[in-house]
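Have a look at the structure below before the remarks.
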Amino acid sequence: MDDALHIQYIKWVRDFATGNWGESFFTGRSVFSEFKTKFPVTLELVILSQILAVTLGIPAGIIMALKQDSRLDYIVRILSLAGLSVPSFWSATLLLVGGAYFLGWNPRLGYVSFFDNPIENLGQFIWPALMLGYISAATKARMMRSTMLEVLRQDYIRTAHAKGLAAFVVTARHALKNAFIPVVTVIGITTALALGGSVVMERIFTLPGIGNYILDGMLRRDFPVVQSLVLVLATSVIMVNLLVDLSYGWLDPRVRFQ
């Protein structure tokens, strides 16, 4: 602490890059060692939530666009609007309270490693992943609907129909790929948000991930834990956005990297 601030910062960045993240003020254990054991939990939660979000949100958006202003369109739009409006911590708490009060059921709390028992592990993660992925799915569905409607009104889509191509071929081969480009951006943003949202889900479902770890560090003012994990989360967001930008060149041949 007797060095100048910029010297302290340079030393901290150097130590962070070499895996020396300091020790917790309260447990005395290495922050990096704790991170290595907790990060797989958060990573599994985020991956499962985004898989659910993509598999539910993208088809829902396509259906809404193809069935515009139909009863099905209105129903799915209401469900997606509810996903955007309802906070994840409220829906997760409602799941626990409602399941216990009305059905006498609660999801398994605690943590079981995937390598110890894959079935119990997935059964434990499916509910927090569903609660975390619901908001992401709603965002993807509404964006997919908007971009799909815009693409379906283009001249080349009418030309494809005029050539006698089947509706499925027109949608899958010509419309979907172009409509998917803005949705990729949303996928990147929601993935980054899921990293932050995992704090709430891990707390509610008592999962020992980095979200729960950083929250405990904040409550205890455990600065080595907080400052290291904040940098990890920020770096993860930057890397996700970089991968999204690189994917544009594959999705759209008109995009070229100079």
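Computed from the coordinates by the stated procedures, all read-outs in this text should not be read as laboratory data. Here the structure is a predicted model, which means the values were calculated and not measured. Cβ atoms come from the backbone with ideal geometry, glycine included; neighbour counts cover every protein chain shown.
Key figures
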quantity	calculated
Span from the segment 1-72 Cα centroid across to the segment 76-100 one, whole angstrom	23
Unit charges at the beta carbon, dipole of segment 25-251: most positive-side option, LEU242, TYR74, VAL199	TYR74
Net +/- balance of residues flanking LEU229 in space, Cβ distance below 12 Å, scoring K and R +1, D and E -1	-2
Rounded to 10°, Cα long-axis angle of helix 88-102 versus longest principal axis of the chain	90
Bins of 5 Å, starting at 0 and running to the largest distance - Cα pair percent for segment 23-97	3, 12, 13, 16, 14, 12, 11, 7, 5, 4, 3, 2, 0
Label assignment, volume of the Cα convex hull per residue in Å³ derived from the structure, set (i) 173; (ii) 121; (iii) 182	(iii)
Under 15 Å, Cβ to Cβ, from PHE114 - net charge with Lys/Arg +1 and Asp/Glu -1	-1
Inverse mean reciprocal Cα-Cα distance (Kirkwood Rh) of segment 96-165, Å	16.1
The chain: angle of helix 71-85 to the longest principal axis, Cα-based, in degrees nearest 10	20
Within the chain, helix-based [θ] at 222 nm, where runs of 4 or more DSSP H residues each add -39,500 (n - 2.57), nearest 500	-25500 deg cm²/dmol
Expected-Rg normalisation [2.2 N^0.38 Å, Cα atoms] applied to segment 118-200	1.47
In segment 98-159, the trypsin sites (Lys or Arg not before Pro) that fall in loop regions by DSSP, at most 10 other Cβ within 10 Å	ARG153
Cβ charges +1 (Lys, Arg) and -1 (Asp, Glu), total dipole of the chain, debye	1000
Neighbourhood charge, 15 Å Cβ-Cβ cut-off, centred on TYR74 and excluding it, Lys, Arg +1 and Asp, Glu -1	+3
Length-normalised contact order of segment 25-251 in % [C-alpha pairs under 8 Å, at least 6 apart]	29
